[in-house]
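Reading through the structure tokens given below for one structure.
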Amino acid sequence: MSDKKQTHFGYESVDVDEKQGRVKHVFDSVADNYDIMNDLMSLGIHRLWKRYTACVSQLRDGDKVLDVASGSGDLSKLFSQRIGKKGHIYVTDINEAMLNVGRNRLTDHGVIGNVSYVLANAETLPFKEHYFNCISIGFGLRNVTDKPKALASMYE
């Protein structure tokens, strides 16, 4: 056992500085099958949760949305239907493979022109304070190493 600070990764404890690399490796390997994996693990219920999230977001035409750890872009797609062409979505993910999957899926669904893709760590988001009408992290918070730091980064 290391003297370094520990965090969780699945059902094991790992050094804090090791988690981000492990998460990257997992998502690099599952990016193309991420939606199938979520369907199997949740029996499709994750789709209901995401629709519910979009419904309670209270987004309106023209709003600005930050979708942190966007993955394959399911929430971004639902948000885009609420903000219209006047709104803007910033899709972020720490994993480039997942960001590319999300970009491809959103493009295939016609979400273009009012969307920006940013490779970013949830703990150090590169956006100005109080810019967004809505910030979502979906299921990505479970993979963040320093959750309080990520939540603070979103709150600012």
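The values are calculated or read from the model by the stated rules, or taken from the named source; none is laboratory data. Predicted model, so just to flag it, every value in this text is computed and none were measured. SASA here: full protein model, heavy atoms, side chains in, ligands and nucleic acids out. Shrake-Rupley method; radii C 1.70, N 1.55, O 1.52, S 1.80 Å.
Numbers at a glance
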item	result
Theoretical gain in end-to-end length, R142 to K128 [0.36 nm per residue, Cα-Cα removed]	2.6 nm
Heavy-atom accessible surface of region 36-156: percent carbon and sulfur, 1.4 Å	55
